[in-house]
Every structure is written in C-alpha cells, then in structure tokens.
Amino acid sequence: MYLEKVNSPSDLKKLTLAELEKYAEEVREYIVRVVEKRGGHLASNLGAVELTIAMHYVFDCPKDKFIFDVGHQSYTHKIITGRRDAFVTLRAEGGLGGFENMKESEYDAFTTGHSSTSLSVGLGMARARDLSGDNYNVVSVIGDGAFTGGMTYEALNDIGASGTRMIIILNDNEMSITRNVGAISSYFGKLRLSRRYKVLKTKFKRGINGVPLIGGVLVRATERIKNAVKKQVMTVRMFEQLGIKYYGAFDGHNIGELVYILNQAKSYNVPVLLHVITRKGSGMYEAEHDPVKYHGVTGEKENILKFSDIVSEKLVELGKRDEKVVCVSAAMLPSTGLESFRECFPERCFDVGIAEQHAVAMCAGLAASGYKPYFAVYSTFLQRGFDQLLHDVGINSLPVRFLIDRAGAAGSDGVTHQGLFDLSYLTTIPGFCVMAPRCGKDLAKMIDWSAGVKVPLAIRYPKGYTQSSDDDPEDIVYGKWEVLSHSDNGVYIIAVGPNMIELARGTDCTLVSARFVKPLDTEFLHSVCGKGNIIITLEENVVRGGFGESVLDELNRMGAECETVTLGFEDRFCDNRSATAAFDANGLTAARLNRIVSAFTRSRS
C-alpha cells in the first residue's frame, strides 16, 4: 500500500512514476470510500487525481502556491498534504472542509468555494511575489466550466498584458456541474481537436518522409495543403492573442506526461496555460457515465421535502398559462428545479453557465421587454450579482423574479456556501419585495402570485421543509403576514422561513410567519407594539441589516413601548457543517427562546 507511505509532498517525491500510478489508484479508491459515507463532491475529485499528484511531484508546496478554482476538486491535495487520516472527517462538524481553506492547512494558499476566481487570486499572489523579490511558483487550476464566468476574462486580460510569470492549468472535462454550454464550450472543443490534428500531422510527416527519393519533395508540396487544413481545424488561439503561452492539449490522466510538461512550464518566465483533458468521475464507472448525478453525493438519505420540487411543478404550470414566463439558470438547472421547465419549454429556458452577473442583467433586459423572467439560484451564488441587482434591476424597478434556493444555513458545504446574507443586501435596495414561505404550499401560492407583480421580487427558502397535509396557508395579500397561532400572554414571535417557524412551535406565544420581509406588515406591528408586550424576531440570516433590524427601525419610528429581541446569526462567518450545529452556535434554539419567554412572563406577574 502506497497510500500510507505518503504523509506529505516530500514523501510523494520519493516514489517512482510507476509507483505514482499505483498511488493514484489507491487515492481514488480512498476518496470513493469516504465520500460514499460522508458525502461530498465525487466526480470532480476523481477527475483530478493524477493532475494533483503530478503538481505535488513537480512543485514545492506550500512554498509554491496552488489555487484550485472553486476548490471542490482538492480532495487529493488534502490527502497528500498531511490530512489523509483526517479525511474520514470530511464535511463533518469539526472535521475537514470540502474546499480549500487557509485556516485548515498551510498547504491551502487560499479559501475557495465559488467559481472563476483562481486566476485573479493567482495573479495577485504572483505580483506580490515579484514585488517582494521572492522566487516561488503560482499555479492556478481552473475548469473549463469556469470560463463561462466573466471574472476569468478580466483576469486573462490583465495576466496577458502584464506578462507576469504564473502557470494556469486548464482542467478541461467538458463539465461544470452539468455539461457546459455556449460558445466557450465550443471553442474548447476545437482546441481538443487541435491535439488530434498535431498527432495526425506528425504521423503523416514521418510516413511521407520515408518514401525513397521523393519524400522530401512531398513534404514541401503538402505544406500549403497542411496550412489550409490547419486553418480549418485550429482556431486562432485566444490565449496566445492575449499574450499567454498556450500548450496542449495533454492527457490529464497520464502522470508521466503531466510531470514532463509541468517541469517544462516551470522554466518559462511568462504566463503559461497548460490545457489538460480529464474525465470527470474517472476510475468509477457510475461517476464517469453520470457525472451530474455524482457531482455531489449526500452521503445519507434525505427524508425532507424539497422546495425545488415545488418550483419545478409551479413554473411548468405558469409556463403553460403564460407564454411570457421564461426561466434562467446559472449552470444549476436540475438542483434548482428548472429541468422540467426546460423539457416543456426549451425555447424559454436559458442556462447561461456560471455567470450570475450576466444572468441578472439579462433578466433585466427580458423584463424591460415585457417578459416575466424567473431566475432560480442559490443564495450564496446570487451574491455575485449584487451590482446588477441594484443597478440593472433595482434602479429600473423591473419585475424580475428571483427564486433564491439554499437560503440560510448551508450545512456541510461550510463557510463559502452559507446563504446568510441575502436578506441584508436585498432589503437595502429600494423597491424590492422580499418574501419567505413557511412550507411548500406557501411557496406554491407565492409563485402563482408572483406572475402578476410589477416590482422586483425575491422569494428565499432553504433546501427543505416539513408540511402536514391539512396545513393550508392563507391567500397572499401584499405586505401582510400570517398569524399561525394565538396567545394572550403578550409574546409575539415573528419568524422568517420554515426552520425558524419550526423552532418557535411549542412556545407559548402568538406565532407569526413573516411572509413579507419587505415590505413589513406595519399594521400588525402597530397593533402589538404597546407596553406590556414583547416582540421577538427570528431569522436564518445575519442580524446585521436583516429582518430584525428592519422591525426595530420601524418600531422606533412608531414610538413603540414594547420590549424587543432580535435573534439570528451573529456578525461573523459561519463554518458549521450542519444546520443544527449552526443554529446552536448562534443561539437559535428552542431552549433559549423558551428562557426568553419565561423571563418575560415572570416579569409581568
């Protein structure tokens, strides 16, 4: 077993190339065993095993800096860099994170989790190296899916113009989460073809050179034909036009070839891009043949109902009733519930790739032209489009509908994927309407209602919910909350979303579902803000700038005399690996809530 022999990159360097191949097999088997139990990103990591091994074999990490774009292909990197035994704690509370994290290891040069950032970060590190007079290598690994993100091109433009020494490894597997879309995907397909062209050219040249007497003449005679074919087969390379040396494409599963080209790349004093072809899910039949299904593995059975299933059903219904309804995804069609809409209305469903800024602005254009766009997106990824939310949608007061999935505590994906900020930044934009359903039936009503709105609208919800069959939410009235239970003890708990409502159930109080986070139900607040009452707000969002502070601001404006308590996430980044642990760490517990209520009721008696 070679797996146990490698506890650091220096141990890896002691192996021969043949031994590295066997080590790669053992690493791949280990990743599969752990991910099947713990959950995680499987297909992307299996595709990057040999590449990561070759990188550590050639470079001197942590002196040399590795930045893995997104970071969900960094499992082999973790195993090599002293975290093999701890790998069994992957994504567990207190265990290893699923992405690179600077706080976890000195070998992790940067904390990652979102796409299309590695080139900008890498250039920053390379420039810092040059300014300091140091002499280390900077290697940015970026997938072809990340090339649908605009930041990639901003960075490429700067890298090429600056001529700064750094190495870019394009890990090309034709996939992001689902198969890549758009012109860039087509472009990379042509670059892959160019490798086949080079192989054919070499074999052809060797063949005709061997013809007695006339071989050399034939080579020269075919030069013009070759150039004509070359123009047809090989596009003008974008990277070289930008000033970045391009080499490829290479076999990303051939360790010997990778070691050779990485050693060559180290010798250049200019930016270099190495184009490496890999197979997502390599080495595991199921993952290779269904990389979408095996992109993320949960590691456990999910018994919750999913809001995305409600989204799927209701948007198809809307699409059948109204041909102005269109849907937009940023490379997340299946997980956000848009796959069924695309199957029914392919001409009205747009997957723009990993390009949230573009998606938001494009939705603004659709809305300005009389269409009804629905952008389904994870909360953590919508953050990337904040300027477009404010400038393109907000200022123009355009009725774009945002269906914000995975809002609140993100669970095992950790710090980079928490959806704890959307209420804070959305409610700061004038004219935005922000809603939160308490269950699937509530979301269904909101989606139906949303088709008629004339202002920007965001509906935010976590991944799952609970719901009894006899639980029918009230009809929606703009700006009105829903009272779920009554008490005459003067305690009013106003909760945002299903998790906070479930937290408050069982507490002696008047429980209110804040269906509208913006605008607030000022009529209700005015009716309960008198002396002798207490208003407690609950939200799965940071308190700073969130729902509770909006309520406090409104109560202050009213001159309210009631007591108030705002409960939510504290002013720090949350890296808990389960929603329950995140709630506990931030005091969002039934025990704490009951203590607050008990203390208040005792003070009244």
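For region 403-488, the Cα-based Rg and Dmax, in that order, read 14.3, 43 Å.
Listed peptides 88-96, 436-444 appear in the order 436-444, 88-96 once ranked by packing, highest mean of other Cβ atoms within 10 Å at the front. When each of the peptides 409-416, 538-545, 577-584, 240-247 is scored by how many other beta carbons lie within 10 Å of its residues on average, the order from highest to lowest is 538-545, 409-416, 577-584, 240-247.
Shape analysis of region 67-183 places it in the oblate category; the axes a ≥ b ≥ c from the Cα gyration tensor give an a/c of at least 1.5, with a/b not above b/c. Going by accessible surface with a 1.4 Å probe and the largest first, W449, W481 read W449, W481.
Computed over neighbours whose Cβ is under 13 Å from that of V34, the net charge equals +4, Lys and Arg +1, Asp and Glu -1.
Anisotropy class assigned to region 340-381 is oblate, per the alpha carbon gyration tensor with a/c at or over the 1.5 cut-off and a/b no larger than b/c. Counting heavy atoms of the protein chains alone, T81 has an accessible area of about 10 Å² for a 1.4 Å probe.
As a length-normalised measure over Cα pairs under 8 Å and 6 or more apart, the relative contact order of the chain settles at 11 percent. When we measure straight from the Cα of K324, which aspartates and glutamates land under 12 angstrom away, once same-chain ones fewer than 8 places off are left out? In chain and number order, the partners are E347. Think of each Lys and Arg Cβ as +1 and each Asp and Glu Cβ as -1; about the Cα centre, that makes the dipole of region 489-564 roughly 60 debye. With R₀ set to 56 Å, the beta-carbon distance separating E502 from N135 gives a calculated FRET efficiency near 0.50.
The residues neighbouring G532, those whose beta-carbon lies less than 12 Å from its own, together hold a net charge of -1 under the Lys/Arg +1, Asp/Glu -1 convention. Of the residues V352, V551, the one with the largest accessible area comes first in the ranking V352, V551, computed with a 1.4 Å probe on protein heavy atoms. With contributions of -39500 (n - 2.57) from each DSSP H run of at least four residues, the per-residue ellipticity at 222 nm computed over the chain stands at -11500 deg cm²/dmol. Positive-end ranking of L382, I31, L338 along the dipole of the chain, with charges on Cβ about the Cα centre, is headed by I31.
Using the Cα coordinates of region 452-544, the gyration tensor eigenvalues translate into equivalent-ellipsoid semi-axes of 21, 17, 14 Å, sorted from longest to shortest.
Fully extending the segment from A590 to Y260 would add 112.9 nm, taking 0.36 nm per residue of separation and subtracting the current Cα-Cα distance. Overall dimensions of region 446-605, expressed as equivalent-ellipsoid semi-axes from the Cα gyration tensor (√(5λ), whole Å, largest first), are 23, 21, 17. Partners of K480 within straight-line reach, counting aspartates and glutamates whose Cα lies under 12 Å from its Cα and excluding those fewer than 8 residues away in the same chain: D521, E523. For region 328-469, the number of Lys pairs separated by eight or more positions or lying on different chains, with C-alpha atoms closer than 20 Å, is 5. Taking packing as the residue-averaged number of other Cβ atoms within 10 angstrom, the listed peptides 43-51, 417-425, 450-458 run from highest to lowest as 43-51, 417-425, 450-458. Just so you know, the Rg over Rh for region 335-490 is 0.97, from Cα atoms, with Rh as the Kirkwood radius. Entry for the chain at q = 0.08, 0.11 Å⁻¹: log10 I(q)/I(0) = -0.64, -1.08, Debye formula applied to identical alpha-carbon scatterers, no solvent contribution.
For region 502-588, the solvent-accessible area of protein heavy atoms averages 42 Å² per residue (probe radius 1.4 Å; ligands and nucleic acids excluded). Only the Cβ atoms of Lys and Arg (+1) and of Asp and Glu (-1) were treated as charged; on that basis the dipole of the chain about its Cα centre amounts to roughly 2660 debye. Positive-end ranking of S527, G256, Y107 along the dipole of the chain, with charges on Cβ about the Cα centre, is headed by G256. Full extension of the chain segment joining Y247 with A18 gains 80.0 nm, where the gain is 0.36 nm per residue of separation less the Cα-Cα distance.
The values are calculated or read from the model by the stated rules, or taken from the named source; none is laboratory data. Remember, predicted model here, so these are calculated numbers, not experimental data. Virtual Cβ from ideal backbone geometry, glycine too; neighbours counted across all protein chains shown. Heads up: the accessible areas ignore ligands, DNA and RNA and are worked out on the full protein's heavy atoms, side chains in. Shrake-Rupley method; radii C 1.70, N 1.55, O 1.52, S 1.80 Å.
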